[in-house]
1. Could you sort out which of LYS236/LYS262; LYS246/LYS275; LYS190/LYS219; LYS110/LYS138; LYS216/LYS262; LYS204/LYS246 sit more than 23 Å apart by Cα distance in this structure?
2. Starting from 0.36 nm per residue, how many nanometres of slack lie between GLN141 and THR234 once their C-alpha separation is accounted for?
3. Could you work out the relative contact order of the range 176-288? I mean the mean sequence separation of Cα pairs under 8 Å and 6+ apart, divided by the number of residues, in percent.
4. For THR271 and GLN164, compute 0.36 nm times the residue count separating them, minus their Cα-Cα distance, and round to one decimal in nm.
5. Could you sort 86-95, 170-179 so that the peptide with the highest average Cβ count within 10 Å comes first and the rest follow in order?
6. Using only the Cα atoms of the range 249-288, what semi-axes does the equivalent ellipsoid have when each is the square root of 5 times a gyration tensor eigenvalue? Give whole Å, largest first.
Amino acid sequence: MKKSFLLLGLFALLLSACAGKDEKKIQEDSLKIADLTAEYEEATNFNDSLMLLMGDIYTGLDSINTQEGLLYNMGSGDAADRRAEIRRNLSAIKARLAANKQLLESMEAKVKSSGNENSVQAKTIAQLRKHIEQQDAKIAQLESDLSKAKDEITNLNTQVAETQEQVKAETQAKEEAQAATVAAENEANKVYYAIGSNKELKNKGLLAKKFLGTTKVLKGQFDASYFVAADKRTLKSIPTNAKKVKIWTNMPEGSYRIVGEKDGPKTIEITNPAKFWSLSSHLVIQTD
């Protein structure tokens, strides 16, 4: 009987020992499963972050291409405003690229420090780094082109301003030359006539009675203000309002005629101005 109880006790102890060993194994396996699950979740999260970063980097590339299109298809009307807009956009893209570069470096360091570097992840990170470097270079090129465009526009504006000043100076010189020519022509075509009685003409010094009854015309000092100035190109007739008219200055015959009713006021019509004024630019008319 005692022997039976002893066997039962040993069997219970043996079962207990086996049960303890199985529980320990289960606990170890559970810990391994938890670690694997954590690693899986961490790897999944890492890959998700990597994909998000990739998407953002490619979005940045699209944004740069958009700015490039704006720059190289820029019109002249709003060039200054458009350049300022592109410069602001590029600055924002650069800031985002810098943040992405920092994040990529952090992820790369994390992969290396984990000791579980994945070849796919490493290749992806290398490609993204290359894309960021390409975008940095492209932004630098666009900024350089913007500066060149600004310099070219400044030079063009300077050239336009200089050309405008040159045209202005040439126009002014031309206008002055034309004005001088017109003034010279007007002066060359200026003629003068005076109408008055014999006494009035003598008082003004236009007529002078000389020895033996000879009358001299405009031979001494005379009152020039008594003459009326006119343009021989437009002066066609001179009304005298007198019934008797005598021309004292030597005007060529056949270049004029005196018209009017027999007992009415007379008018001097100039039929050939060039010939009429060829000998003198002053005309003295006596009316009685």
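Values quoted throughout were computed directly from the atomic coordinates according to the rules given, and no laboratory measurement underlies them. As the structure is a computational prediction, the values presented were derived from the model and not from experiment. Ideal geometry is used to build each Cβ from the backbone, glycine not excepted, and the neighbour counts take in all protein chains shown.
1. Exceeds cut-off: LYS110/LYS138; LYS216/LYS262.
2. Additional length available on full extension: 26.3 nm.
3. Rounded, it is 32 percent for the range 176-288.
4. Roughly 33.6 nm would be gained on extension.
5. Listed from highest to lowest mean packing, they are 86-95, 170-179.
6. Listed largest to smallest, the semi-axes of the range 249-288 are 20, 12, 6 Å.
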